[in-house]
1. Do we find that Y143 is modelled with pLDDT of 80 or more and not basic (K, R) in this structure?
2. Of everything in the range 59-84 that's of a type outside the set (A, V, I, L, M) and within 17 Å of K15 (Cα to Cα), which residue is surrounded by the fewest Cβ atoms within 10 Å (Cβ to Cβ)?
3. Within the range 177-192, is even one residue of a type in the set (V, I, T), more than 30 Å from T10 (Cα to Cα), surrounded by 15 or more Cβ atoms within 10 Å (Cβ to Cβ) and at pLDDT 90 or above?
4. For the range 3-19, give me each residue that is aliphatic (A, V, I, L, M), touching a Lys or Arg at 6+ places or on another chain (Cβ under 9 Å) and farther than 24 Å from C134 by Cα.
5. Hey, can you tell me all the residues within the range 38-88 that are among the basic types (K, R) and in contact with a helix residue (DSSP H, G or I) (Cβ under 6 Å, 6 or more places away or on another chain)?
6. State the number of residues belonging to the range 200-221 that are without any contact (Cβ under 8 Å) to a residue 40 or more places away in the chain and touching a Lys or Arg at 6+ places or on another chain (Cβ under 8 Å).
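The values are calculated or read from the model by the stated rules, or taken from the named source; none is laboratory data. From a predicted model like this one, the values you see are computed outputs, not experimental measurements. FYI the Cβ positions are ideal-geometry reconstructions off the backbone, even for glycines, and counts take in every protein chain you see.
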Amino acid sequence: MGIPIISGVTPTAPKVLIYGLPGVGKSTLAAKLKRPLFLDFEGGLNYLDVKRTPQIESFDEFIADLLYMKKQPKSENFDTIVIDSADWMVRKAIEKAAGIDERHLTETLVKSNGGYGAGFEVYANYIRTQVLPCLVDLNKKGYGICMIAHADKKKMMGADGIDFEQIAPKIDARTMNVFVEWVDNVFYLKKNDNGERVLLLDSDDVALAKNRLGKTGEVKLVDIDINDLLTMQEKKGEK
């Protein structure tokens, strides 16, 4: 029995992480994605005319929503699942692992689940074994996946082992790296010196970004349609 071989570009539903400072328009941009459904952790979407869940209060509630969509046929009412926001979702996972309110999360994650920092591994396992597999299956079902996150300045390590600071999603590194590796595109939404909103498409000295679209630099939002930007195009001359 031979090895199955696939050739050529295979269009798939997009997987994107959009992050930026508060108020820059992350949710507004995500609302322009193809027929979005917002899984609302922050409760701040009343100003947007979008389909959304009631504010999600717990990690278990979030997983139940994902599992329900996973078991159902693909919806005829929406095409993109938007997690708003990923950092608040991670906070709910940490709260579940810690077992108490977020005011004492750092201390409790160190001491919970047997101590010695085991709580950090417990919450990271929630992401790796519950959240990510559901998102993978939903993407295979044909849903686009968009995660929204806030921005933060983080200490990163370069390939040469030297630390440097870079703006990145405001998510604990244990989880941020999982999401950044899984999604096809990480866009940093910011305002330029003229006050125009722009998307950074690949990393520079200031901020983390990536894409699998062969694009570099940054683009003004007024110049692009986010759905066109995320569409995989077959290269000329390839079949």
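1. yes
2. Only one residue tops the list, namely K74.
3. No, that holds for no residue.
4. Result: V9, single match.
5. K70
6. Looking only at that region, the number is 5.
Let's see how each residue does on (1) free of Cβ contacts under 8 Å to residues at least 40 places away in the same chain; (2) surrounded by 14 or more Cβ atoms within 10 Å (Cβ to Cβ); (3) under 22 Å from V131 (Cβ atoms):
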position: L21; (1), (2), (3): no, yes, no
position: L29; (1), (2), (3): no, yes, no
position: L39; (1), (2), (3): no, yes, yes
position: G43; (1), (2), (3): yes, no, yes
position: L48; (1), (2), (3): yes, yes, no
position: E57; (1), (2), (3): yes, no, yes
